[in-house]
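The values are calculated or read from the model by the stated rules, or taken from the named source; none is laboratory data. Computed from a prediction, not measured in an experiment: that's the story for all the values here. As a convention, Cβ positions derive from the backbone with ideal geometry for all residues, glycine included, and neighbour counts pool all protein chains shown. The accessibility values were calculated without ligands, DNA or RNA, using every heavy atom of the protein model including side chains. Shrake-Rupley method; radii C 1.70, N 1.55, O 1.52, S 1.80 Å.
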Amino acid sequence: MREPVSDLNHTSLPPQSLLERLKDYGQDAFALWDELSSEERHHLVNDIQTLDLPRVDRIIRCSFRSQGLPAAAIEPVPETNVSTVEKRTMEERERWWKIGLKAISDGKLGVLLLSGGQGTRLGSSDPKGCFNIGLPSGKSLFQLQAERILCIQRLAAQSVNEGSASVTPIHWYIMTSPFTDEPTRKFFESHKYFGLEAEQVAKSPDGNGGVYSALKSSRLLEDMATRGIKYLDCYGVDNALVRVADPTFLGYFIETGVAAAAKVVRKAYPQEKVGVFVRRGKGGPVSVVEYSELDQSLASAINQETGRLRFCWSNVCLHMFTLEFLNQVANGLEKDSIYHLAEKNIPSIHGGTVGYKLEQFIFDAFPYAPSTALFEVLREEEFAPVKNANGSNFDTPDSARLLVLRLHTRWVVAAGGFLTHSVWKSHPFAHMLEKTLRPSAVGEHFTLPAVTATVATAKTLGDLAVAFHKPKGATAQRSPSPSASKRSDSAVALAKGRDFAVAPSERAAA
């Protein structure tokens, strides 16, 4: 039992019980006690009392001890463990899509968002999810992801009962950090949860590093079980193209019957700073090796049969787990107490000093999985990282925005449409255009001041069948079209709020 904080206003000495506890672990946190105000003393004592010192000591000892142990040799993940884009059939995609939607409509999927980081490298102290990458719609990453969840909910409801007003909510668990927790809560409250129900969105501190211990200590795993959740879709906040609660991936995961799965993209070049999936030892578990831990000769090794990199499956933080497995791994990781060590220059009262940052990552679960499958996706369709400020060479808001705009445009063009204006705003359901646009006629033509778009329409657009909403003061005129004369404006695929862009080369090709 920890001693409650005493009234420090009437004593010039730190609590004796804390002095004794710290002494047992060779620590002295009260060297500058006399220079602190009463309020600062209260904060210091409270901070120390929240520390589980035996656990911290165990983690440090186990983590440093593990650094000296020889790691098992790594091998490429066998092709049989990977569903590649080139080998995937349309029949498989349709089957997985339906399986996934059915599971979602049954309330079996939860979504876990890792959102512990601030946008410091982006020039912002706000949580990364609050960041606006510059889309014409002005939407934040949080809003893009929330609206994608809304879309999937409605598509799942329609797949079960056409026209049904009953929607099974997808519960969204957001893992924050002490730095992002309060700002994240306020951001969601001020935006009315972007159309989601408030009780759908649960926030818990401890963003990525200790996610499994946080899931357990916050009793979120119990909450998921109570709600009937069986599968958990996990992803990082800083991906502008993430397909949250992707039914196809979920259906694949369910059909294969594995405990863990990950979406992967092919590594672009040997020196790319991404971790890769490997197999530890012959027949060993699938795990992730960070780019800094991969020997350059292995990073550059070529598969002579395919001509591609041997270690090519990049970890982009798009994972799926069974809830049963997550319960097991939370206990296993806590028992082993092995964290990643990163040497850091840490500010102190004596100036900068070398120290170590200890972290656990979401991918640390994979070595514990009895079975793992990898699911290849195309980088340009599902991976637009937002990590560095504009002006950097890669992973910037500008590069992510361009990827979003180009993808949405390609979907319209593939459905038979044609955009002649450079930018349209993003509708909440734009990311599902690829799935829902079924060309039945081409020729819907709308004209606004300085905006002209010719788009494909569909027989059944579901939630994408939204009415064209003209800006205030603008006049929309519908050009005569025999194929469109009997259809209402609600069948138009483009709507106010959707993000599209056509680069000159793409416009010419179309």
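Only residues that are within 24 Å of Thr89 (Cβ to Cβ) and open to solvent by 40 Å² or more (accessible area, probe 1.4 Å): list them for segment 249-280, please.
Those that are within 24 Å of Thr89 (Cβ to Cβ) and open to solvent by 40 Å² or more (accessible area, probe 1.4 Å): Ile254, Glu255, Thr256, Gly257, Arg266.
Checking Gly284 against (1) over 19 Å from the mean Cα position of the chain (by Cα); (2) open to solvent by 20 Å² or more (accessible area, probe 1.4 Å), which single condition isn't satisfied?
Of the numbered conditions (1) over 19 Å from the mean Cα position of the chain (by Cα); (2) open to solvent by 20 Å² or more (accessible area, probe 1.4 Å), the odd one out for Gly284 is (2).
Quick one: count up the residues across segment 14-31 that are open to solvent by less than 70 Å² (accessible area, probe 1.4 Å), touching a helix residue (DSSP H, G or I) at 6+ places or on another chain (Cβ under 9 Å), closer than 20 Å to Ser348 by Cβ and in a loop (DSSP other than H, G, I, E, B).
Residues flagged as open to solvent by less than 70 Å² (accessible area, probe 1.4 Å), touching a helix residue (DSSP H, G or I) at 6+ places or on another chain (Cβ under 9 Å), closer than 20 Å to Ser348 by Cβ and in a loop (DSSP other than H, G, I, E, B) within segment 14-31 amount to 3.
Within segment 333-343, restricting attention to residues that are touching a Phe, Trp or Tyr at 6+ places or on another chain (Cβ under 8 Å) and either modelled with pLDDT of 85 or more or open to solvent by 40 Å² or more (accessible area, probe 1.4 Å) (or both), which residue is farthest from Gln67 (Cα to Cα)?
First, the residues of segment 333-343 that are touching a Phe, Trp or Tyr at 6+ places or on another chain (Cβ under 8 Å): 333-334, 340-343.
Now restrict to residues that are either modelled with pLDDT of 85 or more or open to solvent by 40 Å² or more (accessible area, probe 1.4 Å) (or both): 334, 340-341, 343.
Numbers: Glu334: 18, His340: 9, Leu341: 9, Glu343: 13 Å.
Per the criteria, the residue is Glu334.
Conditions (1) in contact with a strand residue (DSSP E or B) (Cβ under 7 Å, 6 or more places away or on another chain); (2) farther than 27 Å from Trp96 by Cβ; (3) open to solvent by less than 10 Å² (accessible area, probe 1.4 Å), marked per residue:
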{"site": "Glu147", "(1), (2), (3)": "no, no, no"}
{"site": "Leu150", "(1), (2), (3)": "no, no, no"}
{"site": "Thr176", "(1), (2), (3)": "yes, yes, yes"}
{"site": "Asp181", "(1), (2), (3)": "yes, yes, no"}
{"site": "Ala202", "(1), (2), (3)": "yes, yes, no"}
{"site": "Val242", "(1), (2), (3)": "yes, no, yes"}
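Ile170 is checked against (1) modelled with pLDDT of 95 or more; (2) open to solvent by 30 Å² or more (accessible area, probe 1.4 Å) and fails just one. What number does that condition carry?
(2)
Of everything in segment 293-332, what is in a strand (DSSP E or B) and either open to solvent by less than 20 Å² (accessible area, probe 1.4 Å) or in contact (Cβ under 8 Å) with a residue 40 or more places away in the chain (or both)? Give them in sequence order. Break it down into steps so the answer makes sense when it comes.
Kept after step one, since they are in a strand (DSSP E or B), are these residues of segment 293-332: 302, 309, 313-322.
Selection gives Leu309, Trp313, Ser314, Asn315, Val316, Cys317, Leu318, His319, Met320, Phe321, Thr322.
If Glu380 satisfies every condition in (1) part of a helix (DSSP H, G or I); (2) surrounded by 14 or more Cβ atoms within 10 Å (Cβ to Cβ); (3) at pLDDT 90 or above but one, which is the exception?
Tallying (1) part of a helix (DSSP H, G or I); (2) surrounded by 14 or more Cβ atoms within 10 Å (Cβ to Cβ); (3) at pLDDT 90 or above, Glu380 fails exactly one: (2).
Before we move on, is Gln158 outside any loop (DSSP other than H, G, I, E, B), in contact with a Gly (Cβ under 6 Å, 6 or more places away or on another chain) and in contact (Cβ under 8 Å) with a residue 24 or more places away in the chain? Even if it seems obvious, please write down each step before you answer.
On the way: outside any loop (DSSP other than H, G, I, E, B): yes; in contact with a Gly (Cβ under 6 Å, 6 or more places away or on another chain): yes; in contact (Cβ under 8 Å) with a residue 24 or more places away in the chain: yes.
So Gln158 fits the description; yes.
Can you tell which of Val77, Val111 is touching an Asp or Glu at 6+ places or on another chain (Cβ under 7 Å) and aliphatic (A, V, I, L, M)?
Working: Val77 fails: touching an Asp or Glu at 6+ places or on another chain (Cβ under 7 Å).
Result of the check over Val77, Val111: Val111.
Taking helices (runs of 4 or more DSSP H) that fall entirely within segment 37-142, which contain at least 1 residues that are closer than 30 Å to Tyr252 by Cα and open to solvent by less than 40 Å² (accessible area, probe 1.4 Å)? If you could, list the steps in order and put the result at the bottom.
Values: elements: 38-49, 53-67, 90-105.
In segment 37-142, 90-105 are the helices (runs of 4 or more DSSP H) which contain 1 or more residues that are closer than 30 Å to Tyr252 by Cα and open to solvent by less than 40 Å² (accessible area, probe 1.4 Å).
Scan Ser124, Ser105 and give me the residue that is more than 30 Å from Asn303 (Cα to Cα), free of Cβ contacts under 8 Å to residues at least 12 places away in the same chain and among the polar types (S, T, N, Q).
Ser124
Picking from Leu220, Leu196, Leu215, which residue would you name as being in contact (Cβ under 8 Å) with a residue 60 or more places away in the chain and either of a type in the set (A, V, I, L, M) or open to solvent by less than 10 Å² (accessible area, probe 1.4 Å) (or both)? Write out each step before concluding.
Values: Leu220 fails: in contact (Cβ under 8 Å) with a residue 60 or more places away in the chain; Leu196 fails: in contact (Cβ under 8 Å) with a residue 60 or more places away in the chain.
When all the criteria are applied, what remains is Leu215.
Any idea which of (1) more than 30 Å from Ile133 (Cβ to Cβ); (2) surrounded by 13 or more Cβ atoms within 10 Å (Cβ to Cβ); (3) touching an Asp or Glu at 6+ places or on another chain (Cβ under 7 Å); (4) among the hydrophobic types (A, V, I, L, M, F, W, C) is the one Val354 doesn't satisfy?
Every listed condition holds for Val354 apart from (2).
Just one of (1) touching a residue at least 24 places away in the same chain (Cβ under 8 Å); (2) in a loop (DSSP other than H, G, I, E, B); (3) more than 19 Å from Val242 (Cβ to Cβ); (4) of a type in the set (A, V, I, L, M) trips up Val167, so point out which.
Of everything listed in (1) touching a residue at least 24 places away in the same chain (Cβ under 8 Å); (2) in a loop (DSSP other than H, G, I, E, B); (3) more than 19 Å from Val242 (Cβ to Cβ); (4) of a type in the set (A, V, I, L, M), Val167 misses just condition (1).
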